[in-house]
Amino acid sequence: MNLRVGAIGIGGMGRGHLLAAQATPDVDVCAVCDASQAALDAVTDPGIHKHTDWLELLHQEDLDLVIVCLPHHLYAPVVTAALSRGFHVYKDKPFARDLADARQMVAAARAHGRRIFVGAQRKFSPEFQRAKEIVDSGVLGSIHFVRGAIHYYWTQVFNDTMGWRGRKEESGGIAIIDSGYHILDAVLTFHGKPATVFASTGRLRAVKDGTYTIDDKAALVLNWSYGGLGSLTVSFATVPGEFRVVLHGQEGTLDISDSHMDLYRGNERVEQIAANDAGVNLLEAQFAHCVEALRTGNPSLCDMDRALDVQAVITAAYQSDASGQVVAVE
């Protein structure tokens, strides 16, 4: 029987997740919801029911899974309601606006025996998948240092059109919780949750006359309980762009970026693959992975417990930035 899917929030990234679901075999997209008529009009399949009220979709549609892609402050009420209706949830990152909202959703999922999948699609690239195999094989030895960076130039920050993302009470922030989610998700997938975080978002904004109330850059120092150290930088207001994780082990080094995956022994490169040379659609690969995990009951790289760990690091980072102190990760 095909998996019956609905989607709440189908503009922007939500449109990408909807198209990924429609491209997945044995999946029927039955209903969509958005406050924007233009977003609804872009869905032309006559078999798909359209709603402007998410509660109406949840209570009128017979579904197995709901895709949710919304402003961060709306995640907890919408996801919790979907879970209470007995639907599994597939949602875009970040997990939540804050740790309290994340815990509310996890509690609802456990209470109703449902699953939450939190998307962060970069880890479904071929170079990332190969890197995960290498790390899991243990050939790097004990990892003593992790470097990470995600930098890009987001035009909206400079023309003051960030909308709800620029308001901390709605988004929870950007640099650490939103942009930084990708790099933290990658690091924790490779290497697990750190014990402590020291973070700073700086006091000088990238935009001289910016009116936003969120963080536009961040630097994080991570410490693992066994002695490993990590250093991450994040900004969406800088050039050139970069997405990179480097794992330095006692037996080897692994360098993963948007352009390559390189494995080193000492200072000699022993393996290299080009980034996504197979032309993989990352959103489609991610959604198919989660559907397979749902059908089989197997663990997923997008499981809520993994996402909760990332959220805990994010929360500790913001607490550290506010206090100027090293903060333990819950």
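Can you tell me what the convex hull of the Cα atoms of segment 70-184 projects to on average, as an area in nm²?
Values: hull surface 37.4 nm².
Quarter of the Cα hull surface area: 9.3 nm².
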- Message: Give me the base-10 log of I(q)/I(0) for the chain at each q in 0.14, 0.15 Å⁻¹, Debye formula, one uniform scatterer per Cα, rounded to two decimals.
- Response: -1.16, -1.31
- Task: Restricting to the chain, compute how many DSSP beta bridges are antiparallel as a %, nearest 5.
- Result: 60 percent
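Please state, to two decimals, what the Cα-based radius of gyration of segment 146-296 comes to when divided by 2.2 N^0.38 Å (N = residues). Show your work: numbers first, answer last.
Details: Rg = 17.5 Å, N = 151, 2.2 N^0.38 = 14.8 Å.
Against the compact-globule rule of thumb, the ratio is 1.18.
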- Task: Sort out for me the Cα centre separation of segment 1-50 from segment 58-84, rounded to whole Å.
- Result: 14 Å
- Message: I'm checking a number: the convex hull volume of the Cα atoms of segment 213-330, normalised per residue, in Å³. What is it?
- Response: 188 Å³
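In deg cm²/dmol, rounded to 500, what helix-only [θ] at 222 nm does the chain give when every DSSP H run of at least 4 residues adds -39500 (n - 2.57) and the total is split over its residues?
Details: 11 runs with 113 residues, N = 330.
When only DSSP H runs of four or more count, the value is -10000 deg cm²/dmol.
How large is the Rg to Rh ratio of segment 3-121 when both quantities use alpha carbon positions and Rh follows Kirkwood? The partial results should precede the final answer.
On the way: Rg = 13.1 Å, Rh = 14.0 Å.
Ratio of gyration radius to Kirkwood radius for segment 3-121: 0.93.
Past the 29 Å Cα-Cα mark, which pairs from Lys91/Lys168; Lys193/Lys217; Lys132/Lys168; Lys123/Lys208; Lys50/Lys168? Let's see the in-between values first.
Working: Lys91/Lys168 20 Å; Lys193/Lys217 22 Å; Lys132/Lys168 34 Å; Lys123/Lys208 35 Å; Lys50/Lys168 31 Å.
Exceeds cut-off: Lys132/Lys168; Lys123/Lys208; Lys50/Lys168.
Values in this text are rule-based calculations from the coordinates and carry no lab data. All values reported here derive from a predicted model rather than from experimental measurement.
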